[in-house]
Structure formats: C-alpha cells, structure tokens
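All remarks here apply to the structure that follows.
Laboratory data are not the source of any read-out in this text; all were calculated from the coordinates shown. Owing to the predicted nature of the structure, the values given are computational and were not obtained by experimental measurement. Every residue, glycine among them, receives a Cβ derived from its backbone with ideal geometry; neighbour counts consider all protein chains shown.
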C-alpha cells in the first residue's frame, strides 16, 4: 500500500499516487444508516447485476503488479508501483462497498460467474498492456451501468454508492489511459493503430455482453440499447483519444503535461 510520503518527483504518477491517497479518508462517507430498503421488485431487477459487479470489482492484482514491475516502460519510475497499489485498493473498495450493500439487503454474494471467469483468464494470459486494456474496457462499460443502477431504485444508499463509484471510475479512465499510452509510446505508429483496433473489438464484444447481462437494470432506468451504446461509445472514444495523446508525445513534456484530472 502506498503512503503520502513519496519524495517530490517529475513522474506523472506522483500526481496519481497523491490523488488516490487523498481519497482514502472519504471512502466510507456513505449513508449506511439510511432506513430505505429495496422492495421485492427492485431486488429482482438489480440484485443479480449488483452480485456480478461486486464479484467483478474484486481482484488481488498480483499479476498486474508483477507485470508492471517488469515492464521497461516504467523502469526507474518510483511512483508507478505505489500509485498502482492504491488504484487496485480503490477497486477492491468498490467490491467491499457493494458486498456490504448485498449483505445489508440479505442478497447472497456470488462465488463465481462465467463472465468474471473469462475476464480473469484474459488478464492472466495477457501482458501488461492487454491486462490494462481488459480492465479499462470493463470500467468504460461500468460508467453507463452505474448511472442506470443509480436511477433504477429509490434506495438512497445505493444511489450514493453509485455516485461514489462513478466519480472514482472517471478518474480511473484517465489513469489507465496514461499507462496504456506510455506503453504504446515504445511502438511504431502502425503497431499502435493495430493495438487500438484490437481494443475497439474488445470493447464492442464486451458491450453486447454487458447489455445482455444487465438490460433489466438499464430498462428499469429507461435506457434503451441505443442510449447505452451511444453513451459507452462516447466514453470509449474519449479514452482512445487520451491514449493516443499519451502515446505519441515526444518525451519532452513535463509531469503536468501528462496529467488529466
């Protein structure tokens, strides 16, 4: 786990380390004493989806750390691994919060799910860039999901959880864009374009699966497939644009130039 005592650095990950660290204190400021509970209809609509996302948000991150420690793009950057550890801890916190909500509603937690299993296998088989791409694709699609989940019930607690996670995920997209961009900076223009096409294919395939698995939540929030697709596609396009920005810089930029708040 990182600390707030890193020495001053020109690394862009100093900013991200401080960002994640400074948010730790406010993580549990959620209305856990809210007396409202899901009604039977809401439980049928959102229960299974929350179970899946609670499972999917959890990861020890050991493989991610191991690949990051060995990747030449981050050799000599003392801030990268501490920032990565705090990033992983924030993802784990999302799982913890959703799990606590499930426990409060007496909805059992899932031990496994086929879709989560596929994503985990992909991350284990992949290198650092592909591992980050799989994770950030899930985060892109989590954005419209948590927006819909926020509006699908009257639970003040669930709405607050969704808002907190949405704020976190918006920052995660920028953090991941920086990481993938710096990895791709070492590639030729042709190779970067090919990686971007593969990433786009992964996004499109995953988007259809997410809609199929969670369409009841979206429909309860009055989202149709077109709105879901357009919203997710816009977010993915912004992500791709930011990855390109970081991947083609000439290396003369400052840490501030590499920041996206």
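Annotations for the structure displayed:
- Annotation: the residues 32, 211, 229, sorted from fewest to most other C-beta atoms within 10 Å of their own C-beta, follow the order 32, 229, 211.
- Straightening the chain between residue 170 and residue 75 buys 31.5 nm, computed as 0.36 nm per residue apart minus the Cα-Cα spacing.
- Segments 126-132, 107-113 sorted - mean Cβ within 10 Å per residue, highest first: 126-132, 107-113
- Helix axis angle, 12-22 relative to the chain longest principal axis, alpha carbon, degrees: 30
- A value for Rg/Rh (Cα atoms, Kirkwood Rh) was derived from the coordinates, and within the list (1) 0.97; (2) 0.94; (3) 1.07 it appears as (1).
- Taking the C-alpha atoms only, the angle from helix 114-125 to the longest principal axis of the chain is near 10 degrees.
- The C-alpha atoms of region 112-261 occupy a region whose extents along the principal axes are 50, 32, 28 Å, arranged from largest to smallest.
- Packing, taken as the mean count of other beta carbons within 10 Å per residue, orders the peptides 86-97, 195-206, 143-154 from highest to lowest as 143-154, 86-97, 195-206.
- Debye equation applied to the C-alpha atoms of region 10-122, log10 I(q)/I(0) at 0.21 Å⁻¹: -1.15
- Against the main long axis of the alpha-carbon atoms of the chain, helix 189-220 sits at an angle near 10°.
- Pairwise FRET efficiency - residue 225 versus residue 23, Cβ, R0 = 41 Å, nearest 0.05: 0.75
- Dividing the summed helix terms, -39500 (n - 2.57) for each DSSP H run of n ≥ 4, by the number of residues in the chain produces a 222 nm estimate of -24500 deg cm²/dmol to the nearest 500.
- Using C-alpha pairs under 8 Å with a sequence gap of at least 6, the mean separation divided by the residue count of region 39-250 gives a relative contact order of 25 percent.
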